[in-house]
Amino acid sequence: MSGVRQPRVVIIGAGVSGIASAITLRRNGFDDFVILEKGSDVGGVWHWNRYPGLTCDVPSQVYQFGFAPKPDWSRVFAPGAEIQRYLADVVDEFGLRPHVRVDSEVVSAEFTGTGWRVETAGGQVHEADFVISATGVLHHPARPAIPGLDEFTGDVVHTARWDDAVRTAGKRIAVLGTGSTGVQVVSALQPAAERITHFVRSPQWVIWAPMWLPQPAVVGAVLDRMPALNRALHRVGMAGAKAFTDVVTRPSWRRRAVQEYARLSLRAQVADPKLRAELTPDYEPLCKRQVLSGTYYRALRARNAELVTAGIEEITPTGIRTADGRHHEVDTIVLATGFRAHDYMRPMTLTGRAGISIDDAWAKGPRAYRMTAIPGFPNFFTVLGPNSPTGSIPLHHAAEVTARYITAWLRRWSTGEFDTVEVTEAATDHFGDQVGEALQPTVWNTGCNSWYFTEGGHIDLLPFDRRTMEEMLAAPEDGDFHLTKS
Ligand code: NAP
């Protein structure tokens, strides 16, 4: 490497974006970094989530790093445990383990004037020139504030913190929530449950897809021997993902076709008019994060299953009382109630230049220039931060592109060109305006409520296609930043 100094970097989080960042640093000759991970292992969302039925509904051939293609996925849509193993294997293969500190939750990060002082819950202090925050979007489980929940005498488990000690076979189970998680967990628990009741506040469109489809071993063997073919398959997957981005960001016949398929998925699988009416959302398909399943409607039609759409009034010590006066006796409550998706680094105390806190900087909601730089926080970057394309572009790719962009800044720092880099308010506002305008025709903006919305009513997604994202992050634009040198 031609640099004259090595930046010290703290990466917070060892999930997809933290791993992408670390490997990108290494590939560019930057080795002085530590990855602080709150959990007991790497993998991020795939470490924390291990509820029954967990499967990725993005095809594995695009749900992987471009620099670490895995030829031999067991299924077209890989199960959660296999993805977690893949991420752990990548960490080993690229020699990241010595850099990873597990069980190291960051409680504070403070800008010192030229760099950062990062402290963990265990009291370790790390001095760094740069911080890369890779803390994820779907991290903090949302626990509903339902009266009586704490007085329930049976088991209560949130899907994002599954407890293997909780027995579900032969039990009367209540599942709350009908996002991707609720649909998967109902499908998985129904066969062995004595009774399963799905409490649905707002039904979701559920597109039929064969999530169980195996990837034949011979395909893995061929792809293993022919890396060029494997790369070609990845490119085909990325092209498919591009078509999906187009569907969600612009109205077209393609969007209407997918929406019609969603409606057909319901019509074809649910013949009972009453059940079908209860399962019909009052918003357009694709408006919320689309749910895929080939088993959910079948599970609901089973003799031991019931759909309840009456609102939940309270939870009693032995069950759930709904607004129609019914009391549903249950042994176990499964909370598939999603995440506080916009907390990002919080609750850590993050203090930037002149003592500004992230809570003050984000008083009107999370904002970042091109998903990665925050005014007031020099030498600090996020990967899969605010407005990341969680609903449209393959995430590993978005993380890799952002990591390369950050590394471009580090390269310039290493040559002594500057000591601190901070994005301007004006550039961040301009990016926010571009996003706001491009969000107008997206399907996310067609009249539903979802975790995509911040408390301030903004849609926290990237409404651009992959090419535009890559152009935005191709190289630093100096006019958008303040650079200082002491
Ligand atoms: P989610 O989509 O946010 O769904 C949460 C569900 O809980 C909603 O149905 C919501 O109802 C309900 N809910 C929340 N509070 C409630 C309350 N107090 N009473 C009754 N219902 C309540 O969460 P998720 O299903 O965990 O999925 C989050 C995201 O994780 C997905 O969109 C996806 O991006 C990702 N995910 C991906 C996969 C995969 O296969 N790749 C699998 C699981 C999750 P309302 O709609 O009425 O608010």
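In table form, for the structure just shown:
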read-out	value
Antiparallel bridges, percent of DSSP beta bridges restricted to the chain (to nearest 5)	45 percent
Surrounding net charge for Ala221, when Lys and Arg each add one and Asp and Glu each subtract one, Cβ distance under 14 Å	0
Summed side-chain charge close to Trp362 - residues other than Trp362 whose Cβ falls under 11 Å, Lys, Arg +1, Asp, Glu -1	-1
Listed peptides 282-291, 126-135 by packing density, highest first (mean Cβ within 10 Å)	126-135, 282-291
CD proxy at 222 nm, helix term only [per DSSP H run n ≥ 4: -39500 (n - 2.57); per residue of the chain; nearest 500]	-9500 deg cm²/dmol
Whole-Å distance, taken between Cα centres, linking region 61-139 and region 389-414	14 Å
Radius of gyration and maximum dimension Dmax of region 1-158, Cα, Å	18.1, 63
Tensor-based shape of region 95-247 (alpha-carbon gyration tensor, a/c under 1.5 rounded, otherwise prolate or oblate)	oblate
Values of log10 I(q)/I(0), in the order q = 0.18, 0.27, 0.30 Å⁻¹, for region 137-196 under a Debye, Cα-only, solvent-free model	-0.72, -1.44, -1.50
P(r) weight above 25 Å for region 168-286, C-alpha pairs, percent	45 percent
Kirkwood-Stokes translational diffusion coefficient of region 343-486, alpha-carbon pairs, 20 °C, 1.002 mPa s, µm²/s	135 µm²/s
Ordering of 69-82, 303-316 by packing [mean C-beta count within 10 Å, highest first]	69-82, 303-316
Percent of Cα pairs exceeding the 43 Å cut-off, where the set is the chain	16 percent
Between helix 395-414 and the chain: long-axis angle, C-alpha atoms, 0 to 90°, nearest 10	20 degrees
Region 208-266 - Kirkwood radius from inverse mean 1/r over Cα pairs (Å)	13.9 Å
Degrees, to the nearest 10: 425-439 long Cα axis against longest axis of the chain	30 degrees
Rounded to 10°, Cα long-axis angle of helix 180-189 versus longest principal axis of the chain	50 degrees
Label-point gap, in nm, between Arg27 and Glu93 - each point 7 angstrom along Cα→Cβ	1.2 nm
Distance histogram for region 229-386 (every C-alpha pair counted, 10 angstrom bins, percent rounded to whole numbers)	8, 21, 23, 25, 19, 4, 0
Built amide H within the under 5 Å cut-off of Phe339, gap 5+	Ala142
Eligible lysines near Lys364 by straight Cα distance, threshold 29 Å, same-chain separation 8 or greater	Lys38, Lys288
Unpaired by the 4.7 Å Cβ criterion, cysteines found in the chain	Cys56
Radius 13 Å from Cβ of Thr428, net charge of other residues (Lys, Arg +1; Asp, Glu -1)	-3
Whole-Å distance, taken between Cα centres, linking region 1-40 and region 240-264	37 Å
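Just so you know, all these numbers are worked out from the coordinates, no wet-lab data involved. Only a predicted model underlies this, so the values are computations on that prediction, with no experimental measurement involved. Here Cβ is always computed from backbone atoms with ideal geometry, including for glycine, and neighbour counts include all displayed protein chains.
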